[in-house]
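The values are calculated or read from the model by the stated rules, or taken from the named source; none is laboratory data. All values reported here derive from a predicted model rather than from experimental measurement. Don't worry about glycine lacking a Cβ; one is built from the backbone with ideal geometry, like all the others, and counts go over all protein chains shown.
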Amino acid sequence: MAKMSLLTWISLAFLLVAVLGSGTVLALRVLAAWRTFKAVSSAASDALGAVVQSAEQAETHALGLAGGSDRMAAANAHLQQSLAELGALRNAAGEAQALIAGIRGSAPRK
């Protein structure tokens with residue numbers, strides 16, 4: 001085997017250092033990118049969970065309002081029925097008062 005010159009050994013050493021150094025930098029950057037990806041993924045997952053929880057609360061609130069609307073309609077119908085009954089009772093009471101007033105008017109006073 002022929003003797004290698006010092007310049008060849010220096011060139012090979014430089015090549016080895018350059019390849020190992022760039023590989024190390026690449027590995028560190030990939031590791032940093034992976035950590036950033038995990039952090040962003042976790043934050044996005046937490047934010048999505050908060051949005052889902054907020055949507056569930058909004059749905060529950062909307063269903064409560066819909067149920068309240070049904071109860072309000074039923075209460076309004078009951079109120080209208082009660083008001084109609086009250087009107088009928090007032091008419092009957094007015095007729096009874098008119099009859100009593102008529103009887104009192106025909107009776108002699110002292």
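Miscellaneous remarks
- The criterion of being surrounded by 10 or more Cβ atoms within 10 Å (Cβ to Cβ) and modelled with pLDDT of 95 or more holds for residue 13.
- Residues in the stretch 1-10 that are surrounded by 10 or more Cβ atoms within 10 Å (Cβ to Cβ) and not aromatic (Phe, Trp, Tyr): 4, 8, 10.
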